[in-house]
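Undergrad: Structure in structure tokens, see below.
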Amino acid sequence: MATLKEISILTGLSSATVSRILNNDITLSVKDETKIKVLEVAEKIGYKTSLKASNIEKKRFLSCFNYSEETEFSDPYYLSIRFAIEDECSNLNILLDKVYSPTTFDFENKYDGILCVGQFSSEQLKNIENISKNIIFIDSCKTNVFDCINADLKEISECVVDFFISCEFKKIGYIGGRDYDTIPDEREEAFIKYSLLKNVLDKDNVFIGDFTSNSGYNLALDMINKNSLPDAIFIANDSIALGVLKALNENKISIPKDISLISVNDIPASSFTFPALSTIKIHSDLMGKQAVRILKDKIETSRILPLKIKVPFSLILRETTK
């Protein structure tokens, strides 16, 4: 016959704690996953209890993606974030809903917390706050009030410039995008400021569009038609870089002999381009998973002070650099 002691050994909890969980002691403060673990072990070894895991109220989160589903499917970086969020919510027994490019914030369900992916306007943020005060921003950090987790785009930009300088390049160009026409992207701002400081900015070869391959292709053609290519180009993301590579290859510009390229994100396609793309690897899956855990912790501990988390990155050198 199964005993409390057996459950205690298998879960690493004291017999007293196990007993209080199985008897649904509302004065006991333990995490839901701990309760579920005890219930699952009890069921597995045949311990008789009237309390079921389903009786534990599940948390419900909302993933709010401020871009279209088409954008997500065309950019594996964003897809990776969503998959990681969904996987971690499943692991932690959290219910999850999602919405893309929200224009209204009137939802039927009540949400314990919200995961905001992408850039959000002040007006959107006010609407989101009306749903829940438990918010974490992923891949953006424009607030000092809420938790956020992202890559350090300023450090990434400076890392790329420093690498190009180590290759003795004197003129470095930039091809990037913006979420809002009047608001520069963080990579763009950091690149221009740092390359100016290092006296390597090619001012005539800074081109801004959106974050798509088609934009990269057209901007690269504009750069080529000026007949004054830089020594190297920093490209804001791999999707843009795919278009840039196509334009350079079509115009028979040798890479990296005539020009070197480094991009950001390290999407799967980047290692299969011709030539293979040098890029910065951002651990987007880590951002998604940790965001769920941070949000859950905030709710359970009633934490007030916001956290700002920077995920690591790596420079992956392939064939587009010398």
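Undergrad: For Leu95, are the conditions met, namely being in contact with a strand residue (DSSP E or B) (Cβ under 7 Å, 6 or more places away or on another chain) and either touching a residue at least 24 places away in the same chain (Cβ under 8 Å) or more than 24 Å from Leu317 (Cβ to Cβ) (or both)?
TA: yes
Undergrad: Suppose we keep only residues that are at positive phi and not hydroxyl-bearing (Ser, Thr, Tyr) within region 83-128. Which one would you say is least open to solvent (accessible area, probe 1.4 Å)?
TA: Gly118
Undergrad: For Glu189, state whether it is open to solvent by 60 Å² or more (accessible area, probe 1.4 Å), part of a helix (DSSP H, G or I) and either closer than 18 Å to Ser314 by Cβ or at pLDDT below 95 (or both). First the steps, then the outcome.
TA: On the way: open to solvent by 60 Å² or more (accessible area, probe 1.4 Å): yes; part of a helix (DSSP H, G or I): yes; either closer than 18 Å to Ser314 by Cβ or at pLDDT below 95 (or both): no.
So Glu189 fails the test.
Undergrad: Evaluate the following for Ser166: is it under 24 Å from Asp32 (Cβ atoms) and among the polar types (S, T, N, Q)?
TA: no
Undergrad: Looking for something surrounded by fewer than 21 Cβ atoms within 10 Å (Cβ to Cβ), of a type in the set (Val, Ile, Thr) and outside any loop (DSSP other than H, G, I, E, B) - is there at least one such residue anywhere in region 263-271?
TA: As a first pass, look at region 263-271 and keep what is surrounded by fewer than 21 Cβ atoms within 10 Å (Cβ to Cβ): 268-269, 271.
Adding the requirement that they be of a type in the set (Val, Ile, Thr) leaves none.
Within region 263-271, none of the residues are surrounded by fewer than 21 Cβ atoms within 10 Å (Cβ to Cβ), of a type in the set (Val, Ile, Thr) and outside any loop (DSSP other than H, G, I, E, B).
Undergrad: Further, regarding this structure: Within the bounds of region 242-262, is there any residue that is in contact (Cβ under 8 Å) with a residue 24 or more places away in the chain and in contact with an Asp or Glu (Cβ under 6 Å, 6 or more places away or on another chain)?
TA: no
Undergrad: Right, next: Counting only residues that are open to solvent by 10 Å² or more (accessible area, probe 1.4 Å) and farther than 18 Å from Tyr180 by Cα, which one in region 133-149 is nearest to the chain's Cα centre (by Cα)?
TA: This residue is Phe146.
Undergrad: Just for region 282-317: of the residues that are crowded, with 17+ Cβ neighbours inside 10 Å and farther than 22 Å from Glu155 by Cα, which one is nearest to the chain's Cα centre (by Cα)?
TA: Looking at the filtered set, the residue picked out is Lys289.
Undergrad: Please work out if Tyr111 is in contact with a strand residue (DSSP E or B) (Cβ under 7 Å, 6 or more places away or on another chain), assigned to a loop (DSSP other than H, G, I, E, B) and without any contact (Cβ under 8 Å) to a residue 60 or more places away in the chain.
TA: So Tyr111 passes the test.
Undergrad: Considering only residues that are free of Cβ contacts under 8 Å to residues at least 40 places away in the same chain, more than 29 Å from Tyr67 (Cβ to Cβ) and among the hydrophobic types (A, V, I, L, M, F, W, C), which ones fall in region 162-193?
TA: Ile165
Undergrad: Hey, does region 165-174 have a residue that's in a strand (DSSP E or B), modelled with pLDDT of 95 or more, farther than 20 Å from Val264 by Cα and open to solvent by 10 Å² or more (accessible area, probe 1.4 Å)?
TA: There is no residue in region 165-174 that is in a strand (DSSP E or B), modelled with pLDDT of 95 or more, farther than 20 Å from Val264 by Cα and open to solvent by 10 Å² or more (accessible area, probe 1.4 Å).
Undergrad: Without any contact (Cβ under 8 Å) to a residue 60 or more places away in the chain and among the polar types (S, T, N, Q), is that true of Ser63?
TA: yes
Undergrad: Can you confirm whether region 76-87 contains a residue that is acidic (Asp, Glu) and at pLDDT 90 or above? It would help to see each step written out before you state the result.
TA: Taking region 76-87 and keeping what is acidic (Asp, Glu), we get 86-87.
After this cut, where a residue has to be at pLDDT 90 or above as well, the list is 86-87.
Looking for residues that are acidic (Asp, Glu) and at pLDDT 90 or above, one finds at least one in region 76-87, hence yes.
The values are calculated or read from the model by the stated rules, or taken from the named source; none is laboratory data. If you're wondering where the values come from, they're calculated on a predicted model, not measured in any experiment. Don't worry about glycine lacking a Cβ; one is built from the backbone with ideal geometry, like all the others, and counts go over all protein chains shown. SASA here: full protein model, heavy atoms, side chains in, ligands and nucleic acids out. Shrake-Rupley method; radii C 1.70, N 1.55, O 1.52, S 1.80 Å.
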